[in-house]
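Undergrad: Here you go, one structure.
Just so you know, all these numbers are worked out from the coordinates, no wet-lab data involved. Note that the coordinates shown come from a computational prediction; the quantities given were computed from them, not determined experimentally. FYI the Cβ positions are ideal-geometry reconstructions off the backbone, even for glycines, and counts take in every protein chain you see.
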C-alpha cells in the first residue's frame, strides 16, 4: 500500500469456483428475492460515489463483500478485527491482491477504479463506528457495517444512499425514523422480519428480501439463514 493509493490491479480469476456464478443483477448486487419471486438488488456500484449502510450480523457484511469481489471489485476493509476478514479475498478470488486490510488510520486513500473494477471501502469498526474519511470519487462505494443501531452511531450512516437492515428491535426502529429520517411505513416492518430476510430502504422506497445464499456461502461465510 502506498501513501496515497492502494495499488490493486488484478481481476478475479474466472476459474476460481468461489466466484461462480457472478451474483450481479441489471441494477446492482443481488441479495435474494422478494415475495413475487423477482430478484432483489442493492445499488452497490455506480458512476458516482455511493454510500451503503448495513445494520446486522457480520456474516451478512461478509456476504456482500464476497459477492462484490465476484463482480470484480477491489476491496479495502478498515477494521479493528482483522481475523474476521483474513483469507476472504484469497478464498473468493484465488488472489492475494483483491482485498486489503487496514487496521489503523482514519483516512482511506483512493483506489484505482472504473466500471469493470469498482472500489469497495468497508468500515467494520463495531458499534462505535469511529470516524473514517473515505474517497469521494467515481466508482467508489463505502459500506459501513453496524452490528446494531443507536442514537450515538446513527450519525455515521445518516448520509447513506441505501440501507440494508436485518431484523430491528423496537428501539432501533425508532432510531431509524428519528435519526436517519426514514419513512415509518418503510421501517416498521423491519421489526418483524424473518431471520432469513433483510430490508432494503432507499429514500422513500423499501423492499423486504429473502436471502438466497448458496451452499458455499453458507459454509464459508458463517451464514445461519
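Undergrad: Multiply the residue separation of residue 86 and residue 48 by 0.36 nm, subtract the distance between their alpha-carbon atoms, and state the gained length in nm to one decimal.
TA: Working: separation 38, 0.36 × 38 = 13.68 nm, distance 2.90 nm.
Contour length minus the Cα-Cα distance gives 10.8 nm.
Undergrad: Additional query: Suppose R0 equals 41 Å. What FRET efficiency, 1/(1 + (r/R0)^6) with r the Cβ-Cβ distance, do residue 38 and residue 133 give to the nearest 0.05? Walk me through the numbers before you get to the answer.
TA: On the way: r = 37 Å, r/R0 = 0.91.
According to the calculation, E is roughly 0.65.
Undergrad: I need the per residue convex hull volume for the chain, using only the alpha carbons, in cubic angstrom as a whole number. Intermediate values should be presented prior to the final figure.
TA: On the way: hull volume 25.2 nm³, N = 225.
Dividing the Cα hull volume of the chain by its residues yields 112 Å³.
Undergrad: Moving on. Give me the extension gain from residue 151 to residue 178: residue separation times 0.36 nm, minus the current Cα-Cα distance, reported in nm with one decimal.
TA: Working: separation 27, 0.36 × 27 = 9.72 nm, distance 0.88 nm.
Length difference between fully extended and current span is 8.8 nm.
Undergrad: Here is a follow-up. Quick check: the distance between the Cα centres of the range 26-98 and the range 167-225, to the nearest angstrom?
TA: 16 Å
Undergrad: If a/c stays under 1.5 just call it rounded; otherwise compare a/b with b/c (prolate if a/b is bigger, oblate if not). Do that for the range 142-189, with a ≥ b ≥ c from the square roots of the Cα gyration tensor eigenvalues. Intermediate values should be presented prior to the final figure.
TA: Details: a/c = 1.40, a/b = 1.32, b/c = 1.06.
It comes out rounded by the Cα gyration axes.
Undergrad: Given the -39500 (n - 2.57) contribution per DSSP H run of 4+ residues, what per-residue ellipticity at 222 nm results for the chain, rounded to the nearest 500 deg cm²/dmol? List each step's numbers first, then the result.
TA: On the way: 6 runs with 43 residues, N = 225.
Mean residue ellipticity, 222 nm, calculated: -5000 deg cm²/dmol.
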